[in-house]
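Undergrad: Handing you a structure now.
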Amino acid sequence: MITRAGAGPLRRLVVLRHAKSARPEGVPDRLRPLADRGRRDAPAAGRALAESDCLPDLAVCSTAVRARQTWELASGQWGTPPPVRYDGRVYAADVPDLLAVVHEVPAEVETLLLVGHNPGLEELVLDLAGDGLGDTLEQVREKFPTSAIAVLAWHGTRWASLAPGTALLTEVMVARGRKEK
(Lines give C-alpha, C1' and ligand atoms only; values in the text may rest on other atoms or scores of the structure.)
Protein backbone atom coordinates (compact mmCIF):
# COMPACT_ATOMS: atom_id res chain seq x y z
CA MET A 1 0.00 0.00 0.00
CA ILE A 2 1.39 3.41 -1.02
CA THR A 3 0.98 6.08 1.59
CA ARG A 4 1.97 9.66 2.14
CA ALA A 5 2.69 10.66 5.74
CA GLY A 6 -0.62 11.16 7.52
CA ALA A 7 -2.63 11.37 4.31
CA GLY A 8 -3.84 7.78 4.08
CA PRO A 9 -3.48 5.20 1.33
CA LEU A 10 -3.43 6.06 -2.36
CA ARG A 11 -6.90 5.46 -3.76
CA ARG A 12 -8.09 5.53 -7.35
CA LEU A 13 -11.48 6.32 -8.74
CA VAL A 14 -11.72 4.96 -12.27
CA VAL A 15 -14.62 6.46 -14.21
CA LEU A 16 -15.91 4.62 -17.29
CA ARG A 17 -18.59 6.08 -19.51
CA HIS A 18 -20.74 3.33 -21.03
CA ALA A 19 -19.93 2.24 -24.57
CA LYS A 20 -21.89 3.45 -27.61
CA SER A 21 -25.57 2.61 -27.33
CA ALA A 22 -28.22 1.85 -29.90
CA ARG A 23 -31.39 3.90 -30.17
CA PRO A 24 -34.11 1.40 -31.09
CA GLU A 25 -37.46 3.02 -31.73
CA GLY A 26 -39.91 2.69 -28.85
CA VAL A 27 -37.30 1.52 -26.32
CA PRO A 28 -37.13 3.61 -23.13
CA ASP A 29 -33.76 5.26 -22.49
CA ARG A 30 -32.94 3.08 -19.49
CA LEU A 31 -33.42 -0.08 -21.60
CA ARG A 32 -31.31 0.94 -24.60
CA PRO A 33 -28.70 -1.75 -25.42
CA LEU A 34 -25.22 -1.30 -26.80
CA ALA A 35 -24.79 -0.69 -30.52
CA ASP A 36 -22.41 -2.84 -32.57
CA ARG A 37 -19.65 -0.29 -31.95
CA GLY A 38 -20.36 -0.41 -28.23
CA ARG A 39 -20.06 -4.20 -28.22
CA ARG A 40 -16.60 -3.77 -29.81
CA ASP A 41 -15.49 -0.88 -27.59
CA ALA A 42 -16.54 -2.25 -24.18
CA PRO A 43 -14.09 -5.20 -24.28
CA ALA A 44 -11.42 -2.76 -25.47
CA ALA A 45 -12.12 -0.68 -22.35
CA GLY A 46 -11.58 -3.77 -20.21
CA ARG A 47 -8.28 -4.47 -21.95
CA ALA A 48 -7.19 -0.83 -21.55
CA LEU A 49 -7.89 -0.96 -17.81
CA ALA A 50 -5.86 -4.17 -17.46
CA GLU A 51 -2.96 -2.80 -19.51
CA SER A 52 -2.93 0.39 -17.39
CA ASP A 53 -2.97 -1.61 -14.15
CA CYS A 54 -6.31 -0.03 -13.22
CA LEU A 55 -8.29 -3.12 -12.30
CA PRO A 56 -10.76 -2.29 -9.55
CA ASP A 57 -11.40 -3.90 -6.19
CA LEU A 58 -15.10 -3.03 -6.61
CA ALA A 59 -17.29 -1.73 -9.41
CA VAL A 60 -20.42 0.36 -9.04
CA CYS A 61 -22.53 0.34 -12.20
CA SER A 62 -25.66 2.11 -13.37
CA THR A 63 -28.69 -0.13 -13.75
CA ALA A 64 -29.25 1.04 -17.35
CA VAL A 65 -28.90 -1.82 -19.85
CA ARG A 66 -26.09 -0.16 -21.83
CA ALA A 67 -24.03 0.42 -18.65
CA ARG A 68 -24.57 -3.15 -17.44
CA GLN A 69 -23.56 -4.53 -20.85
CA THR A 70 -20.48 -2.30 -20.84
CA TRP A 71 -19.50 -3.66 -17.41
CA GLU A 72 -20.08 -7.28 -18.44
CA LEU A 73 -18.05 -6.98 -21.65
CA ALA A 74 -15.22 -4.96 -20.05
CA SER A 75 -14.87 -7.15 -16.97
CA GLY A 76 -15.04 -10.26 -19.16
CA GLN A 77 -11.51 -9.34 -20.28
CA TRP A 78 -10.09 -10.00 -16.79
CA GLY A 79 -9.31 -13.34 -15.18
CA THR A 80 -11.47 -12.78 -12.12
CA PRO A 81 -13.72 -9.72 -12.15
CA PRO A 82 -14.25 -7.91 -8.85
CA PRO A 83 -17.61 -7.67 -7.16
CA VAL A 84 -20.09 -5.29 -8.79
CA ARG A 85 -22.92 -3.28 -7.26
CA TYR A 86 -25.69 -2.14 -9.56
CA ASP A 87 -27.02 1.17 -8.28
CA GLY A 88 -30.00 2.96 -9.81
CA ARG A 89 -28.75 6.28 -8.45
CA VAL A 90 -25.90 6.27 -11.01
CA TYR A 91 -28.38 6.52 -13.92
CA ALA A 92 -28.89 10.18 -14.94
CA ALA A 93 -26.99 11.27 -11.82
CA ASP A 94 -25.46 14.65 -11.17
CA VAL A 95 -22.25 15.26 -9.21
CA PRO A 96 -23.84 15.28 -5.72
CA ASP A 97 -25.65 11.99 -6.45
CA LEU A 98 -22.48 10.35 -7.80
CA LEU A 99 -20.43 11.58 -4.84
CA ALA A 100 -23.03 10.15 -2.45
CA VAL A 101 -22.61 6.74 -4.10
CA VAL A 102 -18.80 6.96 -3.96
CA HIS A 103 -18.85 8.09 -0.34
CA GLU A 104 -20.58 4.82 0.63
CA VAL A 105 -17.74 2.65 -0.67
CA PRO A 106 -16.05 0.58 2.08
CA ALA A 107 -12.64 1.77 3.26
CA GLU A 108 -10.91 -1.48 2.24
CA VAL A 109 -11.55 -0.68 -1.46
CA GLU A 110 -8.48 1.04 -2.90
CA THR A 111 -9.55 1.18 -6.57
CA LEU A 112 -13.19 1.80 -7.45
CA LEU A 113 -14.65 1.60 -10.94
CA LEU A 114 -17.74 3.72 -11.58
CA VAL A 115 -19.65 2.85 -14.79
CA GLY A 116 -22.26 5.38 -15.82
CA HIS A 117 -23.38 8.21 -18.04
CA ASN A 118 -22.70 11.73 -19.19
CA PRO A 119 -22.98 14.54 -18.40
CA GLY A 120 -22.68 13.45 -14.77
CA LEU A 121 -19.44 11.46 -15.12
CA GLU A 122 -17.62 14.21 -17.01
CA GLU A 123 -18.74 16.79 -14.47
CA LEU A 124 -17.67 14.52 -11.60
CA VAL A 125 -14.17 14.09 -13.05
CA LEU A 126 -13.76 17.83 -13.57
CA ASP A 127 -15.17 18.62 -10.13
CA LEU A 128 -12.91 16.19 -8.26
CA ALA A 129 -9.70 16.95 -10.17
CA GLY A 130 -7.73 19.68 -8.45
CA ASP A 131 -5.06 19.14 -11.10
CA GLY A 132 -4.20 16.79 -13.94
CA LEU A 133 -1.11 15.23 -15.43
CA GLY A 134 -0.23 16.55 -18.88
CA ASP A 135 -3.31 17.59 -20.82
CA THR A 136 -5.74 15.22 -19.10
CA LEU A 137 -8.03 18.01 -17.84
CA GLU A 138 -8.18 19.57 -21.29
CA GLN A 139 -9.04 16.19 -22.81
CA VAL A 140 -12.02 15.78 -20.48
CA ARG A 141 -13.15 19.38 -20.96
CA GLU A 142 -13.02 18.94 -24.73
CA LYS A 143 -14.98 15.67 -24.80
CA PHE A 144 -15.65 12.64 -22.63
CA PRO A 145 -17.05 10.28 -25.29
CA THR A 146 -18.53 6.83 -24.96
CA SER A 147 -16.02 4.29 -23.65
CA ALA A 148 -13.90 7.08 -22.16
CA ILE A 149 -11.95 6.24 -19.01
CA ALA A 150 -10.64 8.74 -16.47
CA VAL A 151 -8.40 7.78 -13.56
CA LEU A 152 -8.39 9.99 -10.47
CA ALA A 153 -5.90 9.39 -7.65
CA TRP A 154 -6.03 10.79 -4.11
CA HIS A 155 -4.88 9.99 -0.61
CA GLY A 156 -7.51 9.30 2.02
CA THR A 157 -8.49 6.89 4.75
CA ARG A 158 -12.19 6.84 3.76
CA TRP A 159 -14.05 7.32 0.49
CA ALA A 160 -16.31 9.76 2.29
CA SER A 161 -13.40 12.20 2.43
CA LEU A 162 -13.16 12.49 -1.37
CA ALA A 163 -14.15 16.06 -2.13
CA PRO A 164 -14.05 18.54 -5.02
CA GLY A 165 -10.53 19.52 -6.00
CA THR A 166 -8.81 16.82 -3.91
CA ALA A 167 -7.86 14.33 -6.64
CA LEU A 168 -5.25 14.25 -9.39
CA LEU A 169 -6.46 13.27 -12.85
CA THR A 170 -3.66 10.88 -13.83
CA GLU A 171 -4.92 9.34 -17.06
CA VAL A 172 -7.61 9.66 -19.72
CA MET A 173 -8.17 6.95 -22.33
CA VAL A 174 -10.81 6.33 -24.98
CA ALA A 175 -11.17 2.64 -25.73
CA ARG A 176 -11.99 1.62 -29.28
CA GLY A 177 -12.36 -1.92 -30.54
CA ARG A 178 -11.42 -3.04 -34.03
CA LYS A 179 -14.17 -3.13 -36.59
CA GLU A 180 -14.45 -6.53 -38.26
CA LYS A 181 -14.04 -6.49 -42.01
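The values are calculated or read from the model by the stated rules, or taken from the named source; none is laboratory data. Every value quoted in this text rests on a predicted model; they were computed, and no experiment measured them. Don't worry about glycine lacking a Cβ; one is built from the backbone with ideal geometry, like all the others, and counts go over all protein chains shown. When the accessible area is computed, the model is the full protein with side chains, heavy atoms only, and any ligands, DNA or RNA have been set aside. Shrake-Rupley method; radii C 1.70, N 1.55, O 1.52, S 1.80 Å.
Undergrad: With θ set to phi - 60°, apply the Karplus curve 6.51 cos²θ - 1.76 cosθ + 1.60 along region 103-117 and write out the HN-Hα couplings as whole Hz, x wherever there is a Gly or Pro.
TA: Once rounded to whole Hz, the list reads 5, 8, 5, x, 4, 6, 7, 9, 10, 10, 9, 10, 10, x, 10.
Undergrad: For the pair Lys179/Asp57, report the inter-label distance in nm, with labels modelled 7 Å from Cα in the Cβ direction.
TA: Here the answer is 4.1 nm between the modelled labels.
Undergrad: How would region 82-171 be classified by its alpha-carbon gyration tensor: rounded, prolate or oblate, with rounded meaning a/c under 1.5 and the a/b versus b/c comparison settling the rest? Provide the component values of the computation, followed by the final result.
TA: Working: a/c = 1.66, a/b = 1.18, b/c = 1.41.
In terms of gyration-tensor shape, oblate.
Undergrad: Let me know the shape class of region 34-151, please: from the alpha-carbon gyration tensor, a ≥ b ≥ c as square roots of the eigenvalues, rounded when a/c is under 1.5, otherwise prolate if a/b is greater than b/c, or oblate. If you can, show how the numbers build up before the last one.
TA: Working: a/c = 1.25, a/b = 1.13, b/c = 1.11.
Rounded is the answer for region 34-151, as its axis ratio a/c remains below 1.5.
Undergrad: I'd like the carbon and sulfur percentage of the solvent accessible area for region 1-160, probe radius 1.4 Å, heavy atoms only, ligands and nucleic acids excluded.
TA: On the way: 3510 of 7240 Å².
Carbon plus sulfur share of accessible area: 48 percent.
Undergrad: Also, quick follow-up: Going 7 Å from the Cα of Leu10 along its beta-carbon direction, which residues of region 119-156 have the amide nitrogen within less than 19 Å of the resulting point?
TA: Only 129-137, 150-156 fall inside the zone, counting backbone N under 19 Å.
Undergrad: Could you sort Leu126, Leu58 by their accessible area in this structure, using a 1.4 Å probe and putting the largest first? Write down the numbers at each step before the final one.
TA: Values: Leu126 55, Leu58 10 Å².
Heavy-atom accessible area, descending, gives Leu126, Leu58.
Undergrad: Taking H as built 1.01 Å from N, whose amide H comes closer than 5 Å to the amide H of Glu110, not counting residues under 5 places away?
TA: Asp57
Undergrad: Could you give the angle, 0 to 90 degrees to the nearest 10, between helix 65-75's Cα long axis and the longest principal axis of the Cα atoms of the chain?
TA: Between the helix axis and the principal axis of the chain, the angle is about 70 degrees.
Undergrad: Can you give the local net charge around Thr70? Use residues other than it whose beta-carbon is closer than 11 angstrom to its beta-carbon, Lys and Arg +1, Asp and Glu -1. The partial results should precede the final answer.
TA: Numbers: positive: Arg17, Lys20, Arg39, Arg66, Arg68; negative: Asp41, Glu72.
Charge balance in the 11 Å sphere: +3.
Undergrad: Take every DSSP beta bridge whose two residues both sit in the chain, then give the antiparallel share in percent to the nearest 5.
TA: Details: 16 of 32 bridges.
In the chain, approximately 50 percent of DSSP beta bridges are antiparallel ones.
Undergrad: How large is ³J(HN,Hα), in whole Hz, for each residue of region 148-165 in order, when computed from phi with the Karplus curve 6.51 cos²θ - 1.76 cosθ + 1.60 and θ = phi - 60°, using x for Gly and Pro?
TA: Working through the residues one at a time gives 6, 10, 10, 10, 10, 10, 7, 9, x, 8, 9, 5, 5, 8, 5, 9, x, x Hz.
Undergrad: Amide H to amide H, which residues 5 or more places from Arg11 or on other chains are under 5 Å from it, using H placed in the peptide plane?
TA: The answer is Trp154, His155, Gly156.
Undergrad: Another one. Would you mind checking region 124-167 for residues with the amide N under 14 Å from a putative spin-label position 7 Å along Cα→C-beta of Asn118?
TA: Of the residues in region 124-167, 124-126, 138-150 have backbone N under 14 Å from the label point off Asn118.
Undergrad: Between Glu108 and Ala92, 0.36 nm times their residue separation minus their Cα-Cα distance comes to what? Don't skip to the answer; put the middle values down first.
TA: Values: separation 16, 0.36 × 16 = 5.76 nm, distance 2.75 nm.
Going from the current span to full extension adds 3.0 nm.
Undergrad: Could you work out, for region 1-90, what percent of all Cα-Cα pairs fall into each 5 Å distance bin, beginning at 0 Å and stopping at the bin that holds the largest distance?
TA: P(r) for region 1-90, in whole percents per bin: 3, 14, 21, 21, 17, 10, 7, 4, 2, 1, 0, 0.
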